[in-house]
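Beneath this line is the structure, given in structure tokens, with notes to follow.
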């Protein structure tokens, strides 16, 4: 099921507004051109100005890409599943070593001593190895029991899958978010935001 069949998407207006946003970002970022002219000279400032069309094009295409990806997310269930998978992978990569820290320490110690053929240089190294493996094994044992209890009582993966399934199959919510996005970005925009225009109008009229 695709929500895009129910919501017309004005791609041409979205592309135009994306380039307007690119111009707006470029103008905002050009505030430092005076500092560049003072510090590096006028040549550096003019060189920056010569790259202005490329900068506008970059930010415009980047904005349009973000908008298109957002529309795809609200339009296709597989895109929402893919987003959840990407988030899961990005979170799992740094989190997995923390979860299995005692197992990694115990296994890493075994690999380190295995390279030396489990030969110890002196009594001090032997005592260190005994204490190290005893503590890491005990930590690993207690930690594994805690992980097992958490997985059994809270069913972390099952609960996570329910949330992913609910988010991916929320067609009504996805369509609502898509309509709000199109209503906000699908209309013709101006380079100067309306809020800023109204503020200048009030200040010119002398009202607060």
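Listed values, structure above:
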read-out	value
Bins of 5 Å, starting at 0 and running to the largest distance - Cα pair percent for the range 77-154	3, 13, 15, 16, 14, 12, 9, 7, 5, 3, 2, 1, 0
Linear extension gain, residue 110 paired with residue 167, 0.36 nm per residue minus alpha-carbon span	16.2 nm
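Read-outs throughout are calculated quantities, based only on the coordinates presented, and are distinct from any laboratory measurement. Note that this is a predicted model, so its numbers are computed, not measured.
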